[in-house]
Amino acid sequence: TLATAKSIISINLETSQKQRYGVTIMIIQTDKDTREIIDKVKGFENDNSTKLENYLTWYNQYRCIPVKQRKEIHSNTAIPEMLSEVEALATAVYEMIFSDNTDAEFFSAITSDPDNADLARNSEAVIASQMEMNDFKKKFLSFLRMLILNGTGITEIPWIIRNRYLRSGEKGGVTPMISFDSWDYRPINIMRFSYDDSALDIEDAGWVATSL
């Protein structure tokens, strides 16, 4: 995370496309590094200003926020089409994935080897427990809404470990205990996301940045 007088930017870097799960730590120490990153973000915002304005317009329509030129819409009880269409499509996709009646079995672990049947059941149980811990269904529905609204979506999936501390002994000591050890699902507001748009795919971008 880079903090300056005017901007706070979170930076995610990768050393290579083949090393997807590696971790790269970059320490920004010079004003030159700071200016370069801020210039990249500002350049992206300038080059994509029309697209970002469209995202904001669609979001306001979805949230039923009236435009200044039509103040009379404040008393309009009709539900805008943008809201109804986004909700209908997002709900339909959500139900296809999570409904008990679906045959898709998106999060099922199936094995053709009987010797691995217990392992498959345990894996499926772990996934279900992790999704419950990180409130995945609620976050995923929010992601679907923005995906349908904007045509694309950005999500961060970090691995999170949190500790809680329990008192132990008569001397007031504390013992750390892991309270959360799982992947998380964090949709990112596309209006706060910048990337190297010379790449054909966002996953292949040389740099990405999220304004905090």
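The values are calculated or read from the model by the stated rules, or taken from the named source; none is laboratory data. Here the structure is a predicted model, which means the values were calculated and not measured. Cβ coordinates were reconstructed from backbone atoms using ideal geometry, including for glycine residues, and neighbour counts include every protein chain displayed. Heads up: the accessible areas ignore ligands, DNA and RNA and are worked out on the full protein's heavy atoms, side chains in. Shrake-Rupley method; radii C 1.70, N 1.55, O 1.52, S 1.80 Å.
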message = For the stretch 133-212, which trypsin sites (Lys or Arg not before Pro) pass both filters: DSSP loop (anything but H, G, I, E, B) and at most 15 other C-beta atoms within 10 Å?
response = Lys171
task = May I ask for the net charge around Trp159, where only other residues with Cβ less than 9 Å from the Cβ of Trp159 are counted and Lys, Arg are +1 while Asp, Glu are -1?
result = -2
task = Determine the share of the stretch 83-212's accessible area contributed by carbon and sulfur atoms, expressed in whole percent, with a 1.4 angstrom probe.
result = 53 percent
task = Quick one: accessible surface of Glu95, probe radius 1.4 Å, all protein chains present, in square angstrom to the nearest 10.
result = 90 Å²
Distance in nm between pseudo-label sites at Ser112 and Thr50 (7 Å out along the Cβ direction from Cα) = 5.1 nm
query = Ignoring ligands, DNA and RNA, how do Tyr59, Tyr185 rank by accessible area with a 1.4 Å probe, largest first?
reply = Tyr59, Tyr185
ask   = For the stretch 141-207, what is the accessible area per residue in Å², given a 1.4 Å probe and the full set of protein chains?
value = 66 Å²
query = When all protein chains stay in place, what accessible area (Å², nearest 10, 1.4 Å probe) is found for Val126?
reply = 80 Å²
message = Test of understanding: what is the full-extension gain from Ala205 to Asn122, defined as 0.36 nm times their sequence separation minus their Cα-Cα distance?
response = 26.3 nm
